[in-house]
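What follows is a single structure, written as structure tokens, with notes after it.
No value in this document is a laboratory result; all are computed from the given coordinates. Keep in mind that what you see is a predicted model, and the values were worked out from it rather than measured. Neighbour counts are summed over all protein chains in view; Cβ atoms, including those assigned to glycine, are modelled from backbone coordinates with ideal geometry.
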Amino acid sequence: MRLVDFLRGREATTVGEIASALEVSERTVHRDLATLREQGLPIASDTGPGGGVRLERDRGVTAVHLSVEEVVSLWLMASLSSTGNALPWGDAARSGLDKLFASVPRERARSMRELCRRVVVGKPATERVLAELGTPPRELLAVFEQAFREQVCLSFDYVDRHGKKSRRCVEPHGLLVEAPVWYVLARDVEKSAARMFRMDRIQRPRRVPGRHFTPDMEGLQAQALAQKGKGPEQ
């Protein structure tokens with residue numbers, strides 16, 4: 001972050017000047033510049049003696065480094081705002097996110113879009129659901145986010161709508177948000193079936209690091225349609 005601040009404060013500089021100002025080696029400067037470029041920061045280098053370096057200011061928003069999770073959270077907030085009445089700057093939020101996707105490296109943008117496609121925003125929760133809604137465990141959000149991002153299975157205790165308790169191991173392929181309620185869209189590993197699990201009915205969530213899966217929302221949806229006669233678990 002000190003390097004980013006240094007570059008933002010100058011039109012152009014050299015690797016030697018950066019190393020001297022930040023009291024690090026030139027090798028460290030080169031390494032950190034490479035890291036910042038991988039993160040999407042638009043840093044240009046001029047060839048020749050001195051190794052001129054500058055931050056491309058005309059790239060605007062790309063000078064702000066956002067993690068994949070931060071971008072997805074912004075996308076989710078923009079999507080949630082569109083489910084209710086029209087809000088000021090709603091279209092601008094969508095436009096801004098499109099520009100953000102366009103401004104980052106192609107591979108990074110692809111990862112962001114793939115993660116966003118796994119998040120489904122539906123209508124707000126019904127009065128019936130809100131009336132019976134419980135409180136999910138505090139650790140659930142962090143555990144789910146990590147399993148969802150790392151594409152590893154999730155294990156938890158679950159109480160279904162009939163009050164039946166069970167232990168589940170699932171592949172968290174997607175997330176359904178019906179504000180303020182959310183559901184895990186998953187494939188139950190033991191049952192080999194598509195299932196939907198409501199957040200407040202989950203207890204003792206744990207990641208299963210040794211069990212990886214490949215996200216497949218289309219395949220999960222097809223499986224759910226085939227099971228439609230049985231009904232989802234909620």
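Only helical DSSP H runs with n ≥ 4 go in: add -39500 (n - 2.57) per run for the chain, normalise by residue count and round the 222 nm mean residue ellipticity to 500 deg cm²/dmol.
On the way: 9 runs with 95 residues, N = 234.
Estimated from H runs of four or more residues: -12000 deg cm²/dmol.
Compute, for segment 127-226, the length of the dipole vector about the Cα centre, with Cβ point charges of +1 (Lys, Arg) and -1 (Asp, Glu) only. Units Debye, rounded to 20.
Values: 17 positive and 14 negative charges, 88 e Å.
That gives segment 127-226 a dipole magnitude of about 420 debye.
Return the Rg/Rh value of the chain, two decimal places, where both radii are evaluated on C-alpha atoms and Rh is the Kirkwood radius.
Numbers: Rg = 22.7 Å, Rh = 20.7 Å.
Answer for the chain: 1.10.
Taking the chain, how many lysine pairs are there with alpha carbons less than 18 Å apart, if each pair must be eight or more places apart or span two chains? Could the numbers behind the result be given before it?
Working: 164/191; 164/230; 165/191; 191/228; 191/230.
Lysine pairs meeting both conditions in the chain amount to 5.
Could you tell me which residue out of 45, 121, 170 lies farthest along the dipole of the chain toward its positive end? Charges go on the beta carbon: Lys and Arg +1, Asp and Glu -1, centred on the Cα centre.
170
May I ask you to derive the relative contact order of the chain, considering only C-alpha pairs under 8 Å and at least 6 residues apart, and to give it as an integer percent? Each step should come with its number before you reach the end.
Numbers: 325 pairs, mean separation 32.8, N = 234.
This gives 14 percent for the chain.
Can you give the extra length, in nm with one decimal, that the chain gains between residue 67 and residue 120 once fully stretched, where that is 0.36 nm per residue apart less the Cα-Cα distance?
Working: separation 53, 0.36 × 53 = 19.08 nm, distance 2.01 nm.
The residue 67-residue 120 span can extend by a further 17.1 nm.
Would you grab the residues whose amide H sits under 5 Å from the one on residue 189? Only those 5+ places off in sequence or on another chain, please, with H modelled 1.01 Å from N.
Correct list: 169, 170, 171.
Could you give the size of the charge dipole of the chain about its Cα centre, using +1 on the Cβ of each K and R and -1 on the Cβ of each D and E, expressed in debye and rounded to the nearest 20? Provide the component values of the computation, followed by the final result.
Values: 37 positive and 31 negative charges, 192 e Å.
Its charge dipole is roughly 920 debye.
If you bin the C-alpha pair distances of segment 127-226 every 5 Å from 0, what whole percents do you get?
Spelled out per bin, shortest first, that is 2, 13, 25, 27, 20, 11, 2, 0.
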